[in-house]
1. Does any residue of region C:11-21 turn out to be part of a helix (DSSP H, G or I), out of contact with any Pro (no Cβ under 6 Å at 6 or more places or on another chain), closer than 22 Å to A:ASN24 by Cβ and of a type outside the set (Val, Ile, Thr)?
2. Failed condition for A:THR48, given (1) under 30 Å from C:GLU31 (Cα atoms); (2) among the hydroxyl-bearing types (Ser, Thr, Tyr); (3) at pLDDT below 95; (4) buried (at least 20 other Cβ atoms within 10 Å of the Cβ), with all others met?
3. When region D:51-66 is examined, which residues are found to be assigned to a helix (DSSP H, G or I) and surrounded by fewer than 16 Cβ atoms within 10 Å (Cβ to Cβ)?
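The values are calculated or read from the model by the stated rules, or taken from the named source; none is laboratory data. On a predicted model such as this, the values are computed, not experimentally measured, just so you know. Here the Cβ positions follow ideal geometry from the backbone for every residue, glycine too, while neighbour counts run over all protein chains shown.
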Amino acid sequence: MACTIEKVLADAKVLVERLKDHDNAAESLIEQTTTLNKQVESMKEVGTGIPGRNQEDF
Amino acid sequence: MACTIEKVLADAKVLVERLKDHDNAAESLIEQTTTLNKQVESMKEVGTGIPGRNQEDF
Amino acid sequence: VAANSPSMYSQELFQLSQYLQEALHREQMLEQKLATLQRLLANTQEASDSSWQALIDEDRLLSRLE
Amino acid sequence: VAANSPSMYSQELFQLSQYLQEALHREQMLEQKLATLQRLLANTQEASDSSWQALIDEDRLLSRLE
């Protein structure tokens, strides 16, 4: 394709749109990871299940 | 700053460099997440600790 | 800078076009990695859900035994 | 297209400059999110390590009781 300013402008426009989409995708990843983090933290708090036992007992 | 082709070229160059760096950062995130995934999968396999008990017993 | 010089603009347009192609390519690679992260996190969440549910079930069982 | 027309190139250069500024800004926002993800994953790994270690310790204790 001829190297024109129109082609360059079109590429720049596409690049901006893709960066917006993937910035939004990264935001979703943060939400996903936050949910996972909360559950893993809760499991750490609960311990491994035997009632009355603390991890400090080991 | 004057809107010159040199400024535009400089910006484009910076953009390419940052995209490379952050593509590498994303690769590190994949390694980090893979490690976490393996551990969480192992914990699922091990169960919650009482020997001889299977999760199917519930 | 001779603003009306076609050959200078052609060189710079070419360089600019190269940068933008490289930026688009690199951005696509980054996007693929984000998609991979999404899948890995989903799998990890699923495994964590299993363990969490097992803790809850065990707790209910032990409560009934008390 | 009149290749030697300064005013056309000025308009397009301006638009191009705008796009690149927006791309740089958006890319910085994305980079911040990647940094946040790195921290969240590190915290999650730490909590998971604790639970994993507790499982190992419990297993050792139960082995000695048998």
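1. Filtering region C:11-21 down to residues part of a helix (DSSP H, G or I) leaves C:11-21.
From what's left, out of contact with any Pro (no Cβ under 6 Å at 6 or more places or on another chain): C:11-21.
Right, trim to closer than 22 Å to A:ASN24 by Cβ and you get C:20.
From what is left, the residues that are of a type outside the set (Val, Ile, Thr) are C:20.
Yes, some residue in region C:11-21 is part of a helix (DSSP H, G or I), out of contact with any Pro (no Cβ under 6 Å at 6 or more places or on another chain), closer than 22 Å to A:ASN24 by Cβ and of a type outside the set (Val, Ile, Thr).
2. It is condition (1) that A:THR48 fails.
3. Residues satisfying the conditions are D:GLN53, D:ILE56, D:ASP57, D:ASP59, D:ARG60, D:LEU61, D:LEU62, D:SER63, D:ARG64, D:LEU65.
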